[in-house]
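Following this message is one structure expressed as structure tokens.
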Amino acid sequence: MLSRPVLPLGLMSLLGYATASLLTDHTQAAHKAYDFIVVGGGTAGSVLANRLTEHAGVKVLLIEAGVNNAAGPNVDEIQIPYFVSQIDASFDWNYTTVAQGALQNRTIPYPRGHVLGGSTSTNFMFYTRGSSDEFDKLARVSGDNGWSWKQILPYILKTETLSPPVDGHNTVGQVDARVHGKSGPVLTSLPGNASVLDSRVIQTTSQLSEFPFNLDMNSGNPLGVGWLQSTIGHGVRSSAATAFLTEDTLKRANLDVLIGTRVTRLIRSKSSSATPTFLGVELAQTATGPRVQLTAAKEVILSAGSIGTPQILMLSGIGDRAELSAQKIATIVELPDVGKNMQDHPWVPLQWQVNSNDTLDTINRDPTLMNQLLALYDSQKQGPVANNPGGNQIGWFRLPSNSSVLKQFGDPTAGPLSPHFELTFGNSFLSFTQPVPDTGNFMSMCVALVSPTSRGSIRLASASAFDAPLIDPAFMQTESDMAILTEAVKAAHRFVGAPAWKDFIIAPFKDAVQTTADDEIRAYIRNMIATFRHPMGTATMSATHDAAGVVNPDLRVKNVSGLRIVDASVFPHIFGAHLQAPVYAIAERAADLIKQAHGIPLSR
């Protein structure tokens, strides 16, 4: 754990930028008229609130259950990149999973952002788009070529601006600027704090052919090792809230942002059509407090994420009839796939003790040094505190084409450019399942399965929106998942076996010593698995005439009028990527689809 620092006096004035007023009482919105009501102020919801209100004649209410991202206690923790591993619980939903049968019935903490910006305000800031295969598969499955890589790329670029690293170093050979945006609101950057690992990681790519160098993993081909791009701009986290809910945006007369408020259910509207219409929402701020009902003139858009969106649907009578009946909820629209098909990326940590004092472990144990670095950050926005502590490089890899695992189970990925597993390289002891040693210096790898075949679910625990749902990512429930992650752990050991690491690595950390034989690795996996925080697929997109799934290619809920879903829940398959970049892309196109449907002029 990091030592809790004493913040320099100027630091909060640097980060706590002034914001226009936010609504904090749901009764303030009770008698207002809105064209669109967007539920969830996270990744997608922030985009929609901004893009839909670009036209002054469109009135939007954005509802966020969590807190303000720019003011209040501990807000520095979601603005300063280095503090990502110690973010206060007030910014999180504080979920846990149900017991995971394949992991010795362990329950696992399941962080999700409970704040404007959603999980982009609390995640590890990795900016990875996924492969072109992923989007092309989405286009094939949905029957809408607009979701293909070629068609979605302009929306990806629209979101992003590649900004300079905080140390201002020359980035030639570390990124391909041609595949990045130049004027988008989300700022990305390369690492601006050199690490003792950097040269060794890059040397390994030339010493071992199975780990090739990739100039830019966001080109559509992520395979290989490259320099990490993070959602950090000028030393500060760039979230959906800082990007799309700026002070100028919040001042728009046609946008209201209501925080600290939950949507308890959707309200069916009166309609002459036989198709159920949902244009109403019911709001509450406590389980027993007053309810307020509002109606949108055009659409209600669910952007509550892969946990919240299916929960709200089911609470509203949209879902699997048997599951709704168990909670005494009347079924209005039977969509059995609501809450099903959940996928996530499980990962395990590996650590090695190293022959160096130049690791972040030294900083994390020394409050005096930390405060000196905070002073540097306060004055110049430079140094380790301005950078992503998760590492400076990242790698995406496939099993070899002749792998016995692929011969036995088939290829679970979207295509030949899509990875089976991911390795990240950290200059400190990294783990969510182990205590940090009091002494020693370490390097770590996060070894993640990014092509899982296990499918989990979100189910209701009760008929109350104030009770957390039952979250079951079903980690490692298939033989394929265990086999691929086992091979990934072995690949990590091969990586540090390259000549570049000679005389640097002292020994594996005690927990990782017995991770060479298959049986040992599998036992380690069962004990150490954590979530990479990438749930998706709980309200899947499918072709328009496909009875399965939850939304059509235009993201309208099947067999329903007036209701659309825009968030990670719509992905029918998991991406080999950290999810914020794909979700931004989905939201940007969704904004145009919504505008086109209602005759609203498109932005440039």
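Which one is right for this structure if P(r) over Cα pairs in 20 Å bins from 0, in percent is calculated from it: [x] 18, 35, 27, 18, 3, 0; [y] 21, 56, 22, 1; [z] 19, 53, 25, 3, 0?
Entry [y].
Here's another thing I want to ask about it. Just to confirm my numbers, what's the Cα centroid distance between region 375-439 and region 495-562 in Å?
With region 375-439 and region 495-562 each reduced to a Cα centre, they are spaced 11 Å.
Using only C-alpha atoms and all pairs of different ones, pull out the Kirkwood radius for region 46-100 in Å with one decimal.
Every distinct Cα pair counted, the radius reaches 14.2 Å.
Next question. For a quick check: with amide H placed at 1.01 Å from N, whose amide H comes under 5 Å from GLN393's, ignoring anything fewer than 5 positions away on the same chain?
LEU228, PHE425
List the residues whose amide H sits under 5 Å from the amide H of GLY181, counting only those 5 or more places along or on another chain, with H placed 1.01 Å from N in the peptide plane.
GLU160, LEU162
Still on this model: First compute the accessible area of region 83-159 with a 1.4 Å probe, then give the percent of it belonging to carbon and sulfur atoms.
Answer for region 83-159: carbon and sulfur cover 52 percent of the accessible area.
A further question on this structure: Leaving out ligands and nucleic acids, and using a 1.4 Å probe, what accessible area per residue does region 523-578 come to in Å²?
Per residue, region 523-578 has 24 Å² of solvent-accessible surface.
Moving on to the next point. Give the angle, between 0 and 90 degrees and rounded to the nearest 10, that separates the Cα long axis of helix 43-52 from the longest principal axis of the Cα atoms of the chain.
Helix 43-52 sits at roughly 50 degrees to that axis.
Nearest 10 degrees, 0 to 90: what angle lies between the long axis of helix 580-597 and the longest principal axis of the chain (Cα atoms)?
Rounded to the nearest ten degrees, it is 20.
At q = 0.13 Å⁻¹, work out log10 I(q)/I(0) for region 196-310 with the Debye formula, treating every Cα as an identical point scatterer and leaving solvent out; two decimals please.
Those come out to -0.79, one per q.
Determine the relative contact order of region 398-454: mean sequence separation of Cα pairs under 8 Å and six or more apart, normalised by residue count, in whole percent. Can you show the working numbers first?
Details: 61 pairs, mean separation 21.0, N = 57.
It comes to 37 percent, rounded to a whole number.
Per-residue HN-Hα couplings for region 27-37, Karplus 6.51 cos²θ - 1.76 cosθ + 1.60 at θ = phi - 60°, whole Hz, x for Gly and Pro?
Couplings: 6, 5, 9, 4, 10, 9, 10, 10, 6, 10, 10 Hz.
Something else now. Could you compute how fast region 472-530 diffuses translationally, taking Rh as the Kirkwood radius over C-alpha pairs and applying Stokes-Einstein at 37 °C with viscosity 0.692 mPa s? Give it in µm² per second.
For these conditions, the coefficient is 260 µm²/s.
Quick one: of LYS158/LYS298; LYS182/LYS381; LYS137/LYS270, which pairs are farther than 32 Å apart, Cα to Cα? Provide the component values of the computation, followed by the final result.
Details: LYS158/LYS298 26 Å; LYS182/LYS381 22 Å; LYS137/LYS270 38 Å.
Table pairs above 32 Å Cα-Cα are LYS137/LYS270.
So for the pair ARG140, SER273, with labels modelled 7 Å out along Cα→Cβ, what separation do we get in nm?
The two pseudo-label positions are separated by 3.3 nm.
If you line up the long axis of helix 367-380 against the longest principal axis of the chain, both from Cα atoms, how many degrees apart are they, to the nearest 10?
60
Taking only C-alpha pairs under 8 Å that are 6+ residues apart, what is the relative contact order of the chain in percent?
Computed value for the chain: 22 percent relative contact order.
Related question: Taking amide H positions as placed 1.01 Å from N in the peptide plane, with prolines and chain starts having none, which residues 5 or more places from GLN100, or on another chain, fall under 5 Å of its amide H?
Answer set, sorted by chain and number: ASN105, ARG106, THR107.
Percent of Cα-Cα pairs per 5 Å bin, from 0 to the last occupied bin, for region 384-457, please list those.
P(r) over region 384-457, rounded to whole percents: 3, 12, 18, 18, 15, 12, 11, 7, 3, 0.
With +1 on the Cβ of every Lys and Arg and -1 on the Cβ of every Asp and Glu, and nothing else charged, how large is the dipole of the chain about its Cα centre, in debye rounded to the nearest 20?
Value, rounded to 20: 1220 debye.
Kindly provide the helix-only [θ] at 222 nm of the chain, computed as the sum of -39,500 (n - 2.57) over DSSP H runs of four or more divided by all residues, to the nearest 500 deg cm²/dmol? Display every interim value, and only then the final one.
On the way: 15 runs with 144 residues, N = 604.
Value at 222 nm, helices only, nearest 500: -7000 deg cm²/dmol.
Now, a different point. Over region 276-402, with the other protein chains present, what is the accessible area per residue in square angstrom, probe 1.4 angstrom? Walk me through the numbers on the way to the answer.
Numbers: 4390 Å² over 127 residues.
Accessible surface, normalised per residue, equals 35 Å².
Which ³J(HN,Hα) values, rounded to whole Hz and listed in residue order, are derived for region 287-298 from phi using the Karplus coefficients 6.51, -1.76 and 1.60 in 6.51 cos²θ - 1.76 cosθ + 1.60 with θ = phi - 60°, glycine and proline given as x?
Listing the rounded values in order: 5, 10, x, x, 9, 10, 10, 10, 10, 8, 6, 10 Hz.
Still on this structure, please answer the following. Along region 415-426, what does the Karplus equation 6.51 cos²θ - 1.76 cosθ + 1.60 (θ = phi - 60°) give for ³J(HN,Hα), rounded to whole Hz, x for Gly and Pro?
x, x, 9, 9, x, 8, 8, 10, 10, 10, 10, x
The values are calculated or read from the model by the stated rules, or taken from the named source; none is laboratory data. Because the structure is a prediction, the values reported are computed rather than measured. A quick note on method: Cβ atoms are made from the backbone with ideal geometry, for glycine too, and the neighbour counts reach across all protein chains shown. SASA here: full protein model, heavy atoms, side chains in, ligands and nucleic acids out. Shrake-Rupley method; radii C 1.70, N 1.55, O 1.52, S 1.80 Å.
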